[in-house]
Amino acid sequence: MNKTFDDLINLIREYNPTEVGKVTKAYNYAKMLHNGQYRESGEEYITHPVNVAYILAEMHADSDTVCAGLLHDTIEDTPVRKEDIAEEFNADVANLVDGVTKISKMNFSSKEEENGANTRKIITSITEDVRIIIVKLADRLHNMRTMEFKKPFKQKENSLETMEIFAPLAYCIGAYRIKSELEDISFKYLMPDMYSSILENKLKIEASSEECLKEMFYKIHRILSDRDIPNEIKIRTKNIYGIYKKLSEGYKISNIHDLLALKIMVDDIDRCYLSLRYIHELYHPVNDKFKDYICNPKTNMYRSLHTTVFGKDDRLVQAQVRTFDMDKVDSFGLTTYWDINKGEARHTMQQDLKNKYQFFRSLVEINKEFGDNQDFVRQVKSELFSNNIYVYNTDGSVIELPVGSTIIDFAYKISKTVGNTLVGAIVNDRYVPVDYVLHNKDRVKVLTDNLSFGPREEWIDKAQTTGAKVLIREFNRRI
Ligand code: MN
């Protein structure tokens, strides 16, 4: 499973041939510095940074980031300093390595407070340069893949931390592949028996549905090609942890509507909708399972059409229809920009993070509001990393909120003025008070009145989100 330096260089040559020399230089530098160091598996230490860089190169990371992947443990584990790296390479590479170093000193046997401080550093580094988190995610992924040589206690600790911090972070920036793999490896270490039993069932279902999926695959491929829609189709099954979550909600494995999916990729948006029509002509859709994430993207910028159809032998199969470009964003999230916008990666990514990703603004607010590290971590976990609900505004746009949010949270999420003049709401055509607890898919129309008293102090306890609490407090200080 481990990749070699040759694998890395071949990959770089494919997508970024002009940078082969720079990456080779970083490899030689790191190899020289880590000389004589070994991993717990007995391998030379350099295998780890090479594989971290490889994971980054798979996402077509820019050369500064790939070099940072190769050098990411040098400041911590060798005599080299940030200034040396800046001189040898450039300031960006040095900043990235330094950023990763600052957040990698996690030490779980230490006091809770220290953990809080470390976790805060990890999470807030995203506001400086999101590439720091991406290198860290690649680092964590390779460490998780090669964890069999660690002590069982350490395996569990790392898995827990990965589940609580790194997988949600990967989800926030839309890096689904990394998120799914991190979840499955952690789950394997945390609940080994459950993991094997689900895996076994999953393999059984995959085997028994192979014929059905293949037939659907060819039929859909043919009908689209006949209609002049060039397409590529892939078969995918839900990740093990995803299945586990569904099972613990009470579903039977055979009733998980997106357990099996066909991913259909076409050239442009028009062809997505046209393809959907032909698929529905071939296979009856389950009407209430259709989702249009193209016009209503997920808050982490995932876009696709989802439909569940009655496949062969009454099997439920999900079809995900999207363009090739969307598929890149869907698999790699924010990191896709490396590909789309070469050279401008950092700026574009940081800008889009601010403007398009709903979690980012909340994170900045929580960071401002919570001085204590442990409070900060607790709030991020409950407000950003736990299960969220998605509700509709009157114009159909989707607002993401933590479970337990009320009309008050919704109103302040829209704007300060809406929150400060809020008097009630109509949810799914029914009048509700401001402390009404929202549910997934609610349609919300807030009612405001410029002559209202404004938010009362007791609303603070009725709100879940930091943004709302801060603004209510601010209003009450003013009067
Ligand atoms: Mn490392």
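The values are calculated or read from the model by the stated rules, or taken from the named source; none is laboratory data. Everything numeric in this text was worked out from a predicted model, so none of it was measured. All Cβ positions, even for glycine, are placed from backbone atoms using ideal geometry, and neighbour counts span all protein chains on display. Side chains are part of the model used for accessible areas, which takes the heavy atoms of the whole protein and leaves out ligands, DNA and RNA. Shrake-Rupley method; radii C 1.70, N 1.55, O 1.52, S 1.80 Å.
Helix-derived [θ] at 222 nm for the chain: sum -39500 (n - 2.57) over DSSP H runs of at least 4, divide by residue count, nearest 500? It comes out at -17000 deg cm²/dmol, rounded to the nearest 500.
Hey, what's the Cα Rg ratio for segment 215-370 versus the globular rule of thumb, 2.2 N^0.38 Å? Could the numbers behind the result be given before it?
On the way: Rg = 17.9 Å, N = 156, 2.2 N^0.38 = 15.0 Å.
Working it through for segment 215-370, the quotient is 1.20.
Using the crude model of +1 on Lys and Arg Cβ and -1 on Asp and Glu Cβ, and no other charge, please compute the dipole size for the chain relative to its Cα centre, in debye to 20. Before the final figure, lay out each step's value.
On the way: 67 positive and 73 negative charges, 185 e Å.
Charge dipole of the chain: 880 debye, to the nearest 20.
Amide H contacts of Leu447 (H built 1.01 Å from N, in plane; Pro and chain starts excluded): Val423, Gly424, Ala425, Ile426 sit under 5 Å, all sequence-distant by 5 or more or on other chains.
For segment 212-259, the Stokes-Einstein estimate of translational diffusion at 10 °C and a viscosity of 1.306 mPa s comes to 125 µm²/s, using the Kirkwood hydrodynamic radius over alpha-carbon pairs. Along the chain, the exposed loop sites are GluC sites (Glu not before Pro) outside DSSP states H, G, I, E and B with at most 15 other Cβ atoms within 10 Å, and the longest stretch free of them is 44-248.
Placing +1 on each Lys and Arg Cβ and -1 on each Asp and Glu Cβ, with no other charges, gives segment 395-479 a dipole about its Cα centre of roughly 140 debye.
Entry note, segment 362-422: relative contact order of 20 percent, from Cα contacts under 8 Å with a spacing of 6+ residues.
Per-residue SASA remark: Cys295, around 100 Å² accessible (1.4 Å probe; ligands, DNA and RNA not included).
For segment 122-166, pairs of C-alpha atoms spaced more than 11 angstrom apart make up 67 percent of the total.
Centre-to-centre separation between the Cα atoms of segment 62-81 and those of segment 223-286: 41 Å. The reciprocal of the average 1/r between distinct C-alpha atoms defines the Kirkwood hydrodynamic radius, which for segment 182-227 equals 12.8 Å. Under the criterion of Cα pairs below 8 Å and six or more residues apart, the relative contact order for segment 33-97 equals 29 percent. You can think of it this way: the chain between Lys416 and Phe153 has 90.0 nm of extra reach, that is 0.36 nm per residue less the Cα-Cα gap. With distances taken between every two different alpha-carbon atoms, segment 15-80 has a Kirkwood hydrodynamic radius of 12.0 Å. Each eigenvalue of the Cα gyration tensor of segment 87-222, multiplied by 5 and square-rooted, gives one semi-axis; in descending order these are 35, 22, 12 Å. Summarised in one figure, the compactness ratio Rg/Rh of segment 157-237, Cα atoms and Kirkwood Rh, is 1.15. Pull out a ≥ b ≥ c, the square roots of the eigenvalues of the alpha-carbon gyration tensor of the chain, then state rounded if a/c is under 1.5, prolate if not and a/b is larger than b/c, and oblate in the remaining case. It is oblate, given that a/c is not under 1.5 and a/b is not larger than b/c. Farthest toward the positive end of the dipole of the chain, out of Tyr45, Gly424, Tyr218, is the Cα of Gly424, where the dipole comes from beta carbon charges about the Cα centre. With a 1.4 Å probe and every protein chain kept in, tell me what percent of the accessible surface of the chain is carbon plus sulfur. Looking at the chain in its full context, I get 49 percent from C and S. Across the chain, the mean sequence separation of Cα contacts (distance under 8 Å, 6 or more residues apart), normalised by length, yields a relative contact order of 10 percent.
Taking max minus min of the alpha-carbon positions on each principal axis, segment 12-153 gives extents of 46, 36, 29 Å, largest first.
Rg ratio for segment 345-479: its Cα radius of gyration over 2.2 N^0.38 Å, N being its residue count, equals 1.06.
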